[in-house]
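S.K.: Mind having a look at this structure? Questions to follow.
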Amino acid sequence: MNKAALVLVPGFLAVSACEKPLALSADPIERAATCGVVAAAEARQGQADFRAPLSIEAQGKILHPALAIGSETPEFSQDKASAVVKQMSERVDAVTDSDWEKLVEPCATAFPLPAQAAALPSEPLTAALGCDALGRFMRAALASDGRYEKVLAGYNKLESSLDSKVAPLLAKRGATSTEATQLEKRKALSVFAKLGRPDQVMDACVDRYT
């Protein structure tokens with residue numbers, strides 16, 4: 001997920017005077033990538049200082065389509081999520097050279113977000129593993145930009161707090177092998193990706209476990 005940094009840096013987008021028609025693709029990866037770029041363009045347009053770092057809320061909106069595609073199956077697909085992030089960096093020019101504003105509503109329909117994230121799952125293992133897996137996803141996406149140090153420090157503290165909680169829960173589930181552990185993590189992340197905007201979900205994780 002380090003490639004996520006390519007589309008999250010402050011200089012990611014520039015205003016273009018050239019506008020070309022653009023429509024959402026039928027291909028789910030390309031559609032999600034386009035909507036991630038649209039979310040970034042919309043966030044940039046709303047800032048007084050175009051080159052200022054985006055808020056963590058904006059980053060959550062940008063990453064949401066990749067998480068949504070990854071969670072289309074019961075086991076989260078890191079390959080699909082990574083493919084979305086890769087295409088986001090590749091589609092910047094195509095999107096920003098178009099009348100991208102017309103895609104804001106179609107993207108909101110394709111990848112809807114609740115006003116508030118849903119509550120964390122009550123099942124202890126799913127909750128702990130989901131917080132850990134989503135935290136790793138977010139850290140990988142934001143790690144290259146030092147302006148998110150405070151947020152990342154909270155995620156790091158969360159991971160440390162979860163270390164002592166996850167192992168006994170996995171043992172109780174009978175997931176003692178590396179393969180079984182990774183399976184449980186993928187299942188938990190698929191659940192968490194559907195809870196809402198990832199930064200809001202992570203706030204709930206930090207509140208619960210730190």
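S.K.: What value in Å³ per residue do you get for the convex hull of the alpha-carbon atoms in the chain?
M.R.: Enclosed volume per residue, from the Cα hull, is 112 Å³.
S.K.: Another question about this same structure. Can you tell me, using C-alpha contacts under 8 Å and at least 6 residues apart, the relative contact order of region 21-176 as a whole percent?
M.R.: Over region 21-176, the number comes to 24 percent.
S.K.: Continuing with this model, one more query. Karplus couplings for region 140-151 from phi (6.51 cos²θ - 1.76 cosθ + 1.60, θ = phi - 60°), rounded to Hz, Gly and Pro as x?
M.R.: So the J values, rounded to whole Hz, are 4, 6, 10, 4, 6, 10, x, 6, 10, 4, 5, 5.
S.K.: What's the ranking of 171-182, 84-95 by average number of surrounding C-beta atoms within 10 Å, highest first?
M.R.: Highest-to-lowest ranking by the protection proxy: 84-95, 171-182.
S.K.: Let me ask you something else. FRET efficiency for residue 173 and residue 208, Cβ-Cβ distance as r, R0 = 22 Å, nearest 0.05?
M.R.: With a Förster radius of 22 Å, E is 0.70.
S.K.: Ok, one more. To the nearest 20 Debye, how big is the dipole of region 65-210 about its Cα centre, given +1 on the beta carbon of each Lys and Arg and -1 on that of each Asp and Glu?
M.R.: Computed charge dipole of region 65-210: roughly 540 debye.
S.K.: Could you tell me which of 71, 22, 103 has its Cα farthest along the dipole of the chain towards the positive end, charges placed at Cβ (Lys, Arg +1; Asp, Glu -1), taken about the Cα centre?
M.R.: So the residue furthest toward the plus end is 71.
S.K.: Next question. Residue by residue through region 100-117, which ³J(HN,Hα) values in whole Hz follow from phi under the Karplus form 6.51 cos²θ - 1.76 cosθ + 1.60 (θ = phi - 60°), with glycine and proline marked x?
M.R.: 3J(HN,Hα) across region 100-117, in whole Hz: 4, 4, 6, 9, 4, 5, x, 5, 5, 6, 6, 10, x, 10, x, 4, 10, 5.
S.K.: Give 86/165; 86/150; 80/187; 86/194 a once-over and call out the pairs whose C-alpha atoms are over 24 Å from each other.
M.R.: 86/165; 86/150
S.K.: Kindly provide the pair-distance distribution of region 14-125 built from C-alpha pairs, with 10 Å bins from 0 and whole-percent values in order of increasing distance.
M.R.: Final binned percentages: 14, 44, 31, 9, 2, 0.
S.K.: Here's something else I'd like to know. So what's region 124-209 giving for Cα Rg divided by 2.2 N^0.38 Å, two decimals?
M.R.: Expressed relative to 2.2 N^0.38 Å, the Cα Rg reads 1.07.
S.K.: What angle do you read, to the nearest 10 degrees and between 0 and 90, between the alpha-carbon axis of helix 78-90 and the longest principal axis of the chain?
M.R.: 20
S.K.: Could you work out the relative contact order of region 124-209? I mean the mean sequence separation of Cα pairs under 8 Å and 6+ apart, divided by the number of residues, in percent.
M.R.: Once divided by the residue count of region 124-209, the mean separation gives 50 percent.
Values quoted throughout were computed directly from the atomic coordinates according to the rules given, and no laboratory measurement underlies them. The structure presented is a predicted model; accordingly, all values stated were derived computationally and were not measured. Cβ coordinates were reconstructed from backbone atoms using ideal geometry, including for glycine residues, and neighbour counts include every protein chain displayed.
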